[in-house]
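Data first, discussion second: the structure below is written as structure tokens.
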Amino acid sequence: MSCDLDIAKCFDFATELVLQAGKILKSGEDEQIIYKKNKEDFVTNYDQQIEKLFIDGLAKEFPDHRIIAEETVFTMQKMPELTDAPTWFLDPIDGTINFMHSLPYFCISIALMVRKEFVLGIIYNPSNSEFYSAIKGKGAFLNGKPIHVSNITDLKQAMIGSDVSIIKYVKKDKDIYTAKLIALIEATQTIRCIGSAALSMAYLARGIIDVLHADGVLKPWDIAAGTLLIREAGGTVIDSKGGIYDIMKANITAAANESLTREIFKINIDTDLKRKEKDSKNLTQGNK
């Protein structure tokens, strides 16, 4: 971590921008809808307006910092390489479809990484003024009050956060993803589809839900702030495929504790093994 970087200053400046953006979103009635590549992926003029607010503000205040932001990456059609330089991850509206339907589960999510370590994260839902924040080593907070993950250790008693509609965006091995999701539903108490990965992670940090799982369907800006928030709230965040957790790959399993993450990981492995056994059996029968 850079000794020259004033994290408190970065946090205060990010907070100021987030609250400004929140006011813009609160005024977001009758917004114009602009389609991206297809009618499954949306962006409103508010996404673009808020992203510009952040990019202009951060570039002026911290000219040496890099920014990885959802709409900019879409325009560039290329994900920037992560370096050791101070890098902001921004999702101007996480839960855009909720926002479009006036469903009050959307948020602004921003995080700062220095030397590939998260140092601050903010998730703000302007519809109910819930302001989640974390600074590395200082804990996680909701509106200034400390929050902590739940004490659930038995997966059968756990509530899992996962968006089942994501299945239609999975381009490869959709049947495996579906099988894993079904296995998770059967193994847990219940599942909730909030429609915002960032808010789901905030709820995990707060102790409302106990597990969040996604294999490669999310983007870095979806989970950046939530990663630090959960860890500072006492939870665990790991790579869902068993490798080293890499924010740029976004294979994520997050849970209130290691016991739950181990159970989720075992379900993933077992589902993969069953699929391989099935494929092998089908291949053998096909060769007869």
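Rule-based calculations on the coordinates, nothing more; no lab input. Quantities reported herein were computed from a predicted structural model and do not represent experimental measurements. Don't worry about glycine lacking a Cβ; one is built from the backbone with ideal geometry, like all the others, and counts go over all protein chains shown.
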Cα-only Rg/Rh for the chain with Kirkwood Rh rounds to 0.99
Between Asn128 and Lys116, the two model label points (7 Å from Cα along the beta-carbon direction) sit apart by a distance in nm of 3.7
Between Asn151 and Ile244, the FRET efficiency computed from the C-beta separation at R0 = 30 Å comes out, to the nearest 0.05, as 0.60
Per the rule of 0.36 nm per residue minus the C-alpha distance, extending Met100 to Glu258 adds in nm 53.2 nm
The chain: relative contact order from alpha carbon pairs under 8 Å, six or more residues apart, as a whole percent, is 15
If each part is reduced to its alpha-carbon centroid, region 243-264 and region 133-158 end up apart, in Å, by 16
The exposure ranking of Asp84, Asp272, fewest beta-carbon neighbours within 10 Å first, is Asp84, Asp272
Rh_Kirkwood(region 155-286) over Cα pairs, Å, one decimal, evaluates to 14.9
Given pairs Lys136/Lys156; Lys78/Lys116; Lys145/Lys241; Lys60/Lys136; Lys52/Lys174 and cut-off 29 Å on Cα-Cα distance, the over-length ones are Lys136/Lys156; Lys145/Lys241; Lys52/Lys174
Going residue by residue through region 121-130, the Karplus relation 6.51 cos²θ - 1.76 cosθ + 1.60 with θ = phi - 60° gives ³J(HN,Hα) values, rounded to whole Hz and with x marking Gly or Pro, of x, 9, 10, 10, 9, x, 5, 10, 6, 7
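Set the Förster distance to 25 Å, then compute FRET efficiency between Gln20 and Gln77 from the Cβ-Cβ distance, nearest 0.05.
The formula returns an efficiency of 0.30 here.
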What the Cα atoms of region 7-146 span along the principal axes, largest first and in whole Å, is 39, 36, 24
Taking the square root of 5λ for each eigenvalue of the C-alpha gyration tensor of region 73-122, the equivalent ellipsoid has semi-axes, largest first and in whole angstrom, of 26, 15, 5
Expressed in nanometres to one decimal, the distance between label points 7 Å along Cα→Cβ at Glu186 and Ile269 is 1.9
Cβ-Cβ cut-off under 13 Å around Ala198, Lys and Arg +1, Asp and Glu -1: the net charge is -4
Region 155-286: antiparallel bridges as % of DSSP beta bridges, rounded to 5, reads 65
Relative contact order as a percentage, region 47-204, C-alpha pairs under 8 Å and 6+ apart, gives 17
The residues Phe99, Phe265, Phe89, Phe13, sorted from fewest to most surrounding Cβ atoms within 10 Å, come out as Phe13, Phe265, Phe99, Phe89
